[in-house]
Amino acid sequence: MEKNSKIYIAGHRGLVGSAILKNLKAKGYSDFVTRTHSELDLKDSTAVAQFFATEKPDYVFLAAAKVGGIVANNTYRADFIYENLMIQNNVLHQSYIHGVKKLMFLGSTCIYPKNCPQPMKEDYLLTDVLEYTNEPYAIAKIAGIKMCESYNIQYNTNFISVMPTNLYGPHDNFDLEKSHVLPALIRKMHLGKALELNNWDLIRKDLNHMPIENVDGSASEESIFSVLNKYGISNSGDAIQLEVWGTGNPMREFLWSEDMADACVFLMENRNFKDCFTQSTSEIRNTHINIGTGIDISIKDLANLIKDIIGFKGTLYFNDTKPDGTMKKLTDPSKLHALGWKHKIDLETGIKKVYEWYCNEGA
Ligand SMILES: NC(=O)C1=CN([C@@H]2O[C@H](COP(=O)(O)OP(=O)(O)OC[C@H]3O[C@@H](n4cnc5c(N)ncnc54)[C@H](OP(=O)(O)O)[C@@H]3O)[C@@H](O)[C@H]2O)C=CC1
Ligand SMILES: C[C@H]1O[C@H](OP(=O)(O)OP(=O)(O)OC[C@H]2O[C@@H](n3cnc4c(=O)[nH]c(N)nc43)[C@H](O)[C@@H]2O)[C@@H](O)[C@@H](O)C1=O
C-alpha cells in the first residue's frame, strides 16, 4: 500500500474497523473511504456495485460483518449466515470487478472444528465437524476464505484472509445478551460494583448510555433492579451475586483489538496471495493466516481477573444452563510470527485499558 492509496475500511466504527482506521492514520495513510451501515447496507448488491463504481478504492479491509457472542450466534442463526454471506459476496465480487489491488477478509477462529487438535494450525480447516452454536457464522466465514482463494486462482486477484482469535478493546459491543464474554463481564462487574457502593448515579449513567431492554437511567430503582436481575446481577443478602455463563471451564484466547489492527495493516503491507504459490503442491488451499497470541485462559480465571481489576467484591456463580461452546480454541500463530509480527499487549494490561476506556467513553 502506498501512503496516498485510497483505502476503504468496511465497518470503520466497529471494534476492529475503528482500530484499523486509527492504525493506518498513525502510519501516515490519509485517503480513506468510509460508510456507516445506514449510509451503505453491504447486503444490498446494487448499492454496493454503485459504491465501488463511484469510489474505486485501491485497497479494501473487510471488517464489516454480523458479529456477536455465543448466545447471539446460537439464537439469530439465520441472520448470521445470511448477512455475512451477503456482505462478503458483495464486497469481494465488486472488489474483483473494480480491480481493487488488495483486499483483506476477516474470518474467525470458529472456522476450525469443534474438537480441533490444539493449538490450531491453518491446515486444520475442514478436517472435522464444527461447533454447533456458531456453525452458521463459521460456514459463512469458510465460504469467505474459499471465495478469496477461488477468485485469486481464477481471476488473479490479491485477496488475503486472516482468522483472528477472540478480540476485545475500545468500541466493542457491551450489550449483555449479544456481546462476547469479555465486554459482557466488564459491564456486569462495573454495574455490580456500582450496586455494592449504592452508586445510583453511575448505574443511571451506564443505562443512559446503553439501555437494557429499554430500561434507561430515568427508570425507578425497582425497574432497574429487576432488569439487572434478569441479566444475572442480583442482591443476595449482604453480597451482590453475578452470573457467569456456562461452567467456567472453556478456554479462550484474547487479543487486544489494536494489536489485531496492527497485524492486519502489517499483512496488507507485506503479504500477497502469490506468496502462497511457493507451496510444493498444485492444490492451493489453507492460505489464510491465524492472528492470535498463542496464550489462553479459562473463563473462570478470566472472570476472576476482571473482578480483581474492577474491584468488584461480590460472588460469582456459574450458570451451566447457558452454553459453553467449544471447550478450547487456541491459535497456533507461528505462520504470523514467521512473517515477523507478534502481539504486544498482554491480557491484564488490555483489560485495564479497555475498562478505563469504558468508564470514560463507553458507559
Ligand atoms: N469481535 C471479535 O471477537 C471477533 C471478530 N471477528 C471478525 O472481525 C470483523 C470485525 O468484527 P468487530 O469489529 O468485532 O464487529 P463490530 O460488530 O464491532 O463491527 C461490525 C461493523 O460492521 C458494520 N456492519 C454490520 N452489518 C453491516 C451491513 N449490513 N452493512 C454495512 N455495515 C455493516 C457495522 O456498522 P455500523 O457501526 O455502522 O453499525 C460495524 O461497524 C468481523 O468480520 C468479525 O467476524 C473475528 C473474530 C473475533
Ligand atoms: C469470537 C467468537 O465468539 C463466539 O464464540 P465464543 O468464543 O464461544 O464467544 P463468547 O465470547 O460469547 O463466549 C465465550 C465463553 O464465555 C462464556 N461466558 C461466560 N459469561 C458470559 C457472558 O456474560 N457473555 C458471553 N457472551 N459469554 C459468556 C460463554 O458461555 C463461552 O463459554 C462465536 O459465536 C463467534 O462469534 C466467534 O468467532
Can you tell me which residue among C116, C110 is in contact with a helix residue (DSSP H, G or I) (Cβ under 6 Å, 6 or more places away or on another chain) and within 24 Å of R271 (Cα to Cα)?
C110
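Those residues that are in a helix (DSSP H, G or I) and either near ligand 1 (Cβ under 9 Å from one of its atoms) or open to solvent by 50 Å² or more (accessible area, probe 1.4 Å) (or both), I need them from the range 141-181; list them, please. Before you say what the answer is, go through the steps one by one.
In the first step, residues of the range 141-181 are kept if they are in a helix (DSSP H, G or I); the result is 141-155, 181.
Of everything in the range 141-181, those that are in a helix (DSSP H, G or I) and either near ligand 1 (Cβ under 9 Å from one of its atoms) or open to solvent by 50 Å² or more (accessible area, probe 1.4 Å) (or both) turn out to be K141, G144, K146, S150, I153, Q154, Y155.
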Tell me, please, whether a residue that is under 21 Å from the mean Cα position of the chain (by Cα) and of a type in the set (A, V, I, L, M) can be found in the range 352-363.
yes
As an exercise: evaluate N84 against (1) away from ligand 2 (no atom under 16 Å from the Cβ); (2) within 25 Å of A143 (Cα to Cα) and give the number of the one condition it does not meet.
(1)
As an exercise: evaluate L126 against (1) on the phi > 0 side of the Ramachandran plot; (2) under 15 Å from the mean Cα position of the chain (by Cα) and give the number of the one condition it does not meet.
(2)
Kindly list the number of the only condition in (1) in the same structural domain as A64 (by TED's automatic domain parsing); (2) of a type in the set (S, T, Y); (3) free of Cβ contacts under 8 Å to residues at least 24 places away in the same chain; (4) under 27 Å from W357 (Cα atoms) that fails for S234.
(1)
Considering only helices (runs of 4 or more DSSP H) fully contained in the range 11-94, which possess at least 1 residues that are more than 14 Å from ligand 1 (Cβ to nearest atom) and either at pLDDT below 95 or under 22 Å from N270 (Cα atoms) (or both)?
15-26
Scan the range 182-214 for residues that are surrounded by fewer than 22 Cβ atoms within 10 Å (Cβ to Cβ) and charged (D, E, K, R) and jot them down.
K193, E196, D201, R204, K205, E213
So which residues in the range 330-351 are under 19 Å from the mean Cα position of the chain (by Cα) and part of a helix (DSSP H, G or I), if there are any at all?
L336, L347, E348, T349, G350, I351
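Any chance the range 228-243 includes a residue that's within 28 Å of G14 (Cα to Cα), more than 16 Å from ligand 2 (Cβ to nearest atom) and part of a loop (DSSP other than H, G, I, E, B)? First the steps, then the outcome.
Within the range 228-243, the subset within 28 Å of G14 (Cα to Cα) is 228, 230-233, 242-243.
If we keep only those that are more than 16 Å from ligand 2 (Cβ to nearest atom) too, we end up with none.
No: the range 228-243 contains no residue that is within 28 Å of G14 (Cα to Cα), more than 16 Å from ligand 2 (Cβ to nearest atom) and part of a loop (DSSP other than H, G, I, E, B).
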Flagged in the range 254-276 as closer than 13 Å to V162 by Cα, open to solvent by 10 Å² or more (accessible area, probe 1.4 Å) and within 23 Å of the chain's Cα centre (by Cα), in numbering order, are D262, F266, R271
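Go through the range 17-31 and give me each residue that's open to solvent by 30 Å² or more (accessible area, probe 1.4 Å) and either over 19 Å from the mean Cα position of the chain (by Cα) or not assigned by TED's automatic domain parsing to the domain that holds D262 (or both). Give the steps one after another, and end with the answer.
Let us first name the residues in the range 17-31 that are open to solvent by 30 Å² or more (accessible area, probe 1.4 Å), namely 22, 25-28, 30-31.
Once the filter is applied, which keeps residues that are open to solvent by 30 Å² or more (accessible area, probe 1.4 Å) and either over 19 Å from the mean Cα position of the chain (by Cα) or not assigned by TED's automatic domain parsing to the domain that holds D262 (or both), the range 17-31 yields K25, A26, K27, G28, S30, D31.
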Return yes or no: is T321 open to solvent by less than 30 Å² (accessible area, probe 1.4 Å), part of a loop (DSSP other than H, G, I, E, B) and polar (S, T, N, Q)?
no
Considering the range 215-245 alone, what residues qualify as being surrounded by fewer than 18 Cβ atoms within 10 Å (Cβ to Cβ), touching an Asp or Glu at 6+ places or on another chain (Cβ under 9 Å) and closer than 13 Å to F312 by Cβ?
A239
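Kindly check whether there is at least one residue in the range 73-80 that is of a type outside the set (K, R) and within 22 Å of F159 (Cα to Cα).
The initial filter retains those residues of the range 73-80 that are of a type outside the set (K, R), namely 73-76, 78-80.
Of the ones still in play, those that are also within 22 Å of F159 (Cα to Cα) are none.
No, that holds for no residue.
The values are calculated or read from the model by the stated rules, or taken from the named source; none is laboratory data. Note that this is a predicted model, so its numbers are computed, not measured. Quick reminder, even Gly has a Cβ in these numbers, built from the backbone with ideal geometry, and neighbours come from all protein chains shown. Note: areas computed on protein heavy atoms with side chains; ligands, DNA, RNA excluded. Shrake-Rupley method; radii C 1.70, N 1.55, O 1.52, S 1.80 Å.
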